[in-house]
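For reference, the structure is listed below as structure tokens.
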Amino acid sequence: MSSQIYDALLFLSFGGPEKMDDVRPFLENVTRGRGIPPERLDEVGEHYSHFNGKSPLNDLNREMIANLKDALDQRGIDLPVYFGNRNWHPMAEDTAERMARDGVHNALVFATSAWAGYSGCRQYHEDIARIREHLGDRAFGMEKIRGFHDHPLFIGAYVDAVEESLSKIPQDRRGGARLVFTAHSIPVSADRASGPSDGGGNLYSRQVREAAQLIADRVGVEDFDVVWQSRSGPAHVPWLEPDIVDHVEDLVSRGVNAAVVCPVGFISDHVEVAWDLDSELQDEMAHHDIVIERVATPGPTASFTAMIVELIEERLRGVPPRRLGSEPLYGAACNGAPCAANCCVPQRRRPSASTAN
């Protein structure tokens, strides 16, 4: 294609601290306006102390960006890649300032989430709106790339990783090993609101279950579990359950002595993955007769890089989207436009009847 309508790509992520002094201000950024009590921030901050305050996320994002730049060069796609975060440096607004100085006119935005829902999709559209408002009359076009929970290369990367983990289970336990998929829990009300109100709701959990089914089918596993992790809300608010630790304890009580845990809801390791699955779960299971292998996340793999390139080419060159599933992709339906007023809004944020027009 001789003329591209996009002249840059913003790799937009959640962000993570890189030293102990970063942890509290990072957590305050994440929870601003949500009424999270200080003691909960102290509790989460303690998790970060086990990793000297450094989340692996930023370094993994930099690795993915380096891989992506190489892949774009190999495909002859002249698209500079910029890195910005919602909650920690490099902050997206600072990155957008640099993009404006560099003369960017119309950027694609790759958000590091595969999923529908407020946190997985709509909030990234809100980030884009906030960035453009920050730039004022220097604002340039920004369009979010669609979700990808059922893209063949995303599914394929996880299939490879699951098979590798299964191969590490001792042979005498492998035949009875349970395949358990896990994703970030959210309030039940937020899941119910994920997707447009006329789309049946619960799109986040439906997409997670569909991705799990697609992976299990290709691994040749007929029976598997989908569970949740990283709950952070007050006890009286219902969240998606069961929790991963509670579920594996239940498996042990039923005589299961091996499990492969696949964090399908995450594209890269970060502190929640490392703490919940590599620390808390392993510690809880240490006194039981069970072997647990945690599946590697796909972000740094060649397959994941190739998927991002395909998603870019859908927009640059009109390459037909590749999908394995049938659940809606509202990122694709919006075609990069801001979300509709009724799309993926948690119940507490829905407009009242007097303002919903």
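Say each of His47 and His288 gets a label point 7 Å from the Cα, pointing the same way as Cα to Cβ; how far apart are those two points in nm?
2.0 nm
What is the ratio of the Cα radius of gyration of the chain to 2.2 N^0.38 Å, with N the residue count, to two decimals?
0.99
Heavy-atom accessible area per residue, the chain, 1.4 Å probe: how many Å²?
44 Å²
Give me the percent of DSSP beta bridges within region 1-140 that run antiparallel, rounded to the nearest 5.
10 percent
In whole percent, and with a 1.4 Å probe on the protein chains, what portion of the accessible area of region 63-170 is carbon and sulfur?
Percent of accessible area from carbon and sulfur atoms in region 63-170: 45.
Quantify how much of the Cα-Cα distance distribution of region 35-172 extends past 21 Å, in percent.
That fraction is 59 percent.
Quick check: residue separation of Glu93 and Glu249 times 0.36 nm, minus the Cα distance between them. What number comes out in nm?
Net length gain for the segment: 51.8 nm.
So for region 195-298, what are the equivalent ellipsoid semi-axes in whole Å, largest first, each being the square root of 5 times an eigenvalue of the Cα gyration tensor?
Values for region 195-298, descending: 24, 18, 14 Å.
Just for the chain, what percent of DSSP beta bridges are antiparallel, to the closest 5?
5 percent
What is the distance, in nm, between label points placed 7 Å from the Cα along the Cα-to-Cβ direction at Lys69 and at Asp137?
Output for this residue pair reads 3.3 nm.
If each Cα of region 50-90 is one equal point scatterer, what is log10 of I(q)/I(0) from the Debye formula at q = 0.18, 0.20, 0.30 Å⁻¹?
-0.60, -0.69, -1.05
Principal axes first, then extents: for the Cα atoms of region 15-103, list largest minus smallest coordinate on each axis, whole Å, largest first.
Each principal axis gives a Cα extent; for region 15-103 these are 51, 27, 19 Å.
The values are calculated or read from the model by the stated rules, or taken from the named source; none is laboratory data. Since the structure is predicted, the reported quantities are computational estimates derived from the model, not experimental observations. Counting neighbours? That spans all protein chains shown, and the Cβs are built from the backbone with ideal geometry, glycine included. Protein only, heavy atoms only, side chains kept; ligands, DNA and RNA dropped before computing areas. Shrake-Rupley method; radii C 1.70, N 1.55, O 1.52, S 1.80 Å.
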